[in-house]
Amino acid sequence: MIAAYYTRCSSDCTTTMSVIESTSEPPASPPDSRHSTEPHTTESIDAECFLEVISDTYAQQILLALVDCPTAAATLAEELDASRPTVYRRLNSLESVGLIKSTVALDADGHHRKQFHVVVDSANLTFDSSGIKVTALS
């Protein structure tokens with residue numbers, strides 16, 4: 001069995017992927033870079049959708065940009081030098097997979113803006129004879 005762990009590191013804005021080869025079961029939980037004592041929840045994610053979304057360069061860049069703080073789509077488009085439709089498509093995909101969520105924020109000028117933030121700390125990919133399983137830790 002091979003297990004791979006995707007972990008976002010909010011302290012230094014990096015993303016790592018480590019692979020562990022094993023003939024036994026994977027560790028109970030993937031490494032948590034935050035070293036937090038707060039309770040975590042685990043949820044299963046559709047592997048095919050997850051792999052399709054996470055393989056996209058724009059989606060990866062958006063995840064990295066959202067690690068530290070919630071950000072509006074227009075700001076992401078400017079920061080990533082991408083069109084708004086491109087950013088919105090990736091945000092919709094990331095949200096449908098369950099990696100990000102959106103909230104509505106009120107600007108100082110009174111306008112309501114949708115902001116997006118990462119809700120998953122890590123994702124565990126497990127490969128075995130039954131297929132690929134993705135588990136998210138948040």
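Overview of values
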item	result
Number of the condition not met by Phe127 [criteria: (1) within 16 Å of Asp46 (Cβ to Cβ); (2) touching a helix residue (DSSP H, G or I) at 6+ places or on another chain (Cβ under 9 Å)]	(2)
Residue selected from segment 80-114 under the condition in a loop (DSSP other than H, G, I, E, B) and among the hydrophobic types (A, V, I, L, M, F, W, C), by the criterion surrounded by the most Cβ atoms within 10 Å (Cβ to Cβ)	Leu99
Hits in segment 74-109 - residues which are touching a strand residue (DSSP E or B) at 6+ places or on another chain (Cβ under 7 Å) and over 14 Å from Val120 (Cα atoms)	Leu91, Thr103, Val104, Ala105, Leu106, Asp107
Restricting segment 115-138 to residues that are among the aliphatic types (A, V, I, L, M) and part of a strand (DSSP E or B), the residue that is nearest to the chain's Cα centre (by Cα)	Val118
Residue within segment 24-38 that is modelled with pLDDT of 85 or more, assigned to a loop (DSSP other than H, G, I, E, B) and surrounded by 13 or more Cβ atoms within 10 Å (Cβ to Cβ) present	no
Restricting segment 41-59 to residues that are part of a loop (DSSP other than H, G, I, E, B) and surrounded by 13 or more Cβ atoms within 10 Å (Cβ to Cβ), the residue that is modelled with the highest pLDDT	Asp56
Some residue of segment 115-123 being surrounded by fewer than 18 Cβ atoms within 10 Å (Cβ to Cβ) and more than 19 Å from Thr41 (Cβ to Cβ)	yes
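The values are calculated or read from the model by the stated rules, or taken from the named source; none is laboratory data. Remember, predicted model here, so these are calculated numbers, not experimental data. Cβ: placed from backbone, ideal geometry, glycine included. Neighbour counts: every protein chain shown.
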